[in-house]
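The values are calculated or read from the model by the stated rules, or taken from the named source; none is laboratory data. Not measured: the values here are computed from a predicted model. Cβ placement follows ideal geometry from the backbone for every residue including glycine, while neighbour counts extend to all protein chains displayed.
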């Protein structure tokens, strides 16, 4: 067989050759739309790569981005890797101390920043020594305008034949359990991940699709979609900074979006907006809404399907591997009763091809029986084998035989469908038995008056731990603890029922939209009493 390098240059080359006229759309900060094609992307990305090569950087130097999702950010997803550098998206929603820590830890040499995010840059400027700062927009003293940098590049520059095992991109965890930790993805990992998520039965993107990734390009590499779309020739719609439900729904309708993806908190907001004006927008082109990042409540899946005819698909992944599994109904259950299909759809799903899974309990690996719980372990060609510059964390979270310990407590059924019952740090152990906060949250959010709910463990003198439910009610709705307890009693074991309920105006969330349970524990776990 030929020694063909699986690299990002090959993905870009295919997009230019076979999908040159396919459109890439960006909603700009002023709400207008920028439109160009894969031919334009290829031409500009190659010229930008040439310009980056003229900055005097070492091979594999980190090119940090502090940007929303737009066409220039997409160009950087290609330009730096094909020039032999590493694109490192920074999350502007993190605390300034964490952004500075991540940039220093990664040894970022260049920062490319949106003009609208310059205030964020100002908060970290004194803490990070960037060799060059490039502004997408108007440059100031000591910075370079993005278009001026691009103009320095050679118009006809072509990438070298890069080794597929070279680093191409870098991402950091959101730091919910300590300092953020870095993962470096090789060209080969990106290429195989791109192929796998594109297969039928998984995300199954195709050339005719119009794809809007709500998941930002600074989070988990936008789940790898910028590369999958280019490889297959799908139209990309990039939302820029406009991630509110109204703007997203407008984009879905105007551009006839067929596939979109984001975290459950986004889809809760979109569902509320659709419920408020169910006939305002035509979303009939939409064939799949992909939900990942945390468990989607069954009530939300059913709300999209029954009230709006939209298909919400559960998926799962991590910073350490981008996308890992998806919950499509298997071939032999396509005609099964709705209830039987839903039992699978609410699970995280089966792993994508080349991702292997197992779960480990106190006594060793647990059987795939749908009941035995253990910590999920994964391995595969795009699963990290260690953290960047973090040997102690790497030893702790990778097994001796090379499997990554995810920290998710799961069951695996006989079909290989994984269901997450909790994070290991969030699982509630009451009287020696496990209670799933995820299951309680999902059940609570099925109540008509409940907008959002998070469940945490609180100390208990007799049972060691008991669940406490923190609830946000819908505007104009009311519910008391006894009513919610009675509602739950029909859906979960009675010994799971929380003794305490706390009602607040809004749940704290992490920089990627997940419930921030550390803040809830600080606020409520040591507080006596409660309903």
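Listed by first and then second residue, the pairs with beta-carbon distance under 6 Å, at least 6 apart or on different chains, first residue in region 485-504 and in the same structural domain as residue 441 (by TED's automatic domain parsing), second in a helix (DSSP H, G or I), are 488/443; 491/443; 492/443; 497/485; 497/488; 501/481; 502/524. Among the residues making up region 172-187, those that are touching a residue at least 40 places away in the same chain (Cβ under 8 Å) and either in contact with a helix residue (DSSP H, G or I) (Cβ under 6 Å, 6 or more places away or on another chain) or buried (at least 19 other Cβ atoms within 10 Å of the Cβ) (or both) are 172, 173, 174, 175, 180, 181, 182, 183, 184, 185, 187.
Out of all the residues in region 78-92, is one or more in contact (Cβ under 8 Å) with a residue 12 or more places away in the chain and over 30 Å from residue 10 (Cβ atoms)? Yes, that holds for at least one residue.
For region 84-115, enumerate the residues that are assigned to a helix (DSSP H, G or I) and closer than 20 Å to residue 56 by Cβ. Once the filter is applied, which keeps residues that are assigned to a helix (DSSP H, G or I) and closer than 20 Å to residue 56 by Cβ, region 84-115 yields 103, 106. Residues in region 29-69 that are within 27 Å of the chain's Cα centre (by Cα) and surrounded by fewer than 19 Cβ atoms within 10 Å (Cβ to Cβ): 29, 30, 31, 32, 33, 34, 35, 36, 37, 60. Considering region 355-385, the residues that are within 20 Å of the chain's Cα centre (by Cα) and in a loop (DSSP other than H, G, I, E, B) include one that is surrounded by the fewest Cβ atoms within 10 Å (Cβ to Cβ), namely 385. The condition of being buried (at least 23 other Cβ atoms within 10 Å of the Cβ), touching a residue at least 60 places away in the same chain (Cβ under 8 Å) and assigned to a helix (DSSP H, G or I) holds for only one of 221, 150, 169, that being 221. For region 1-52, the set of residues classified as closer than 16 Å to residue 232 by Cα, touching a strand residue (DSSP E or B) at 6+ places or on another chain (Cβ under 8 Å) and in contact (Cβ under 8 Å) with a residue 60 or more places away in the chain consists of 7, 8, 22, 23, 24, 38, 41, listed by residue number. Filtered by the rule that a residue be part of a strand (DSSP E or B) and buried (at least 19 other Cβ atoms within 10 Å of the Cβ), region 116-147 gives 133, 134, 135, 136. Looking only at region 331-354, which residues are assigned to a helix (DSSP H, G or I) and touching a residue at least 12 places away in the same chain (Cβ under 8 Å)? Correct list: 341, 342, 344, 345. If I filter region 234-256 for residues that are over 18 Å from residue 70 (Cα atoms), out of contact with any strand residue (DSSP E or B) (no Cβ under 8 Å at 6 or more places or on another chain) and in contact (Cβ under 8 Å) with a residue 40 or more places away in the chain, do I get at least one hit? Scanning region 234-256 turns up no residue that is over 18 Å from residue 70 (Cα atoms), out of contact with any strand residue (DSSP E or B) (no Cβ under 8 Å at 6 or more places or on another chain) and in contact (Cβ under 8 Å) with a residue 40 or more places away in the chain.
Taking (1) over 27 Å from the mean Cα position of the chain (by Cα); (2) farther than 16 Å from residue 81 by Cα; (3) in the same structural domain as residue 78 (by TED's automatic domain parsing) in turn, residue 2 satisfies each apart from (3). Test residue 46 against the stated conditions and say whether it is touching a helix residue (DSSP H, G or I) at 6+ places or on another chain (Cβ under 8 Å), under 22 Å from residue 194 (Cα atoms) and either at pLDDT below 95 or in a helix (DSSP H, G or I) (or both). So residue 46 fits the description; yes.
Quick check: anything in region 66-82 more than 22 Å from residue 229 (Cβ to Cβ) and touching a strand residue (DSSP E or B) at 6+ places or on another chain (Cβ under 6 Å)? Yes: one or more hits.
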